[in-house]
Amino acid sequence: MDMGFGQYLQFVFALIFVLALIALLAVVARRLGFGYRVASRGKRARRLSVVEIIPLDPRRRLALVRRDQVEYLVLLGATSDLLLDRAIPAPSDGFGEVLAETVAAAKPDAPR
């Protein structure tokens, strides 16, 4: 039951291969965005939501956060966070709002 040099070398190469495979899968999962998902709780309307997160590099991410009908652009870093832009008006999501604005804009002025 004495292991020779070839068997030790085979074991080391197999270990390196498995560790490299795990690292590769972690990088692929991070590139596909599996590390940035935000779980929602319940079905009631939320006042605060994360609209979008974009990774800039391994340490920094750019996040668009919505509170009520206002959006904020935040740079999230490893050691600090920075508010880049505040009070961005959120785009209207409802079809009814867009339809009402279009109808109001298309109405001719009432005669005086």
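Values quoted throughout were computed directly from the atomic coordinates according to the rules given, and no laboratory measurement underlies them. A quick note: this is a predicted structure, and the numbers were derived from the prediction, not measured. Here Cβ is always computed from backbone atoms with ideal geometry, including for glycine, and neighbour counts include all displayed protein chains.
Some notes on this structure:
- Inter-label distance, nm, simple model (7 Å from Cα along the C-beta direction), Arg67/Ala45: 1.8
- In this calculation the C-beta distance from Glu52 to Val103 is compared with R0 = 35 Å, giving a FRET efficiency of 0.70.
- Using θ = phi - 60° and Karplus 6.51 cos²θ - 1.76 cosθ + 1.60, couplings along region 15-21 (whole Hz; Gly, Pro as x): 5, 4, 4, 5, 5, 5, 5
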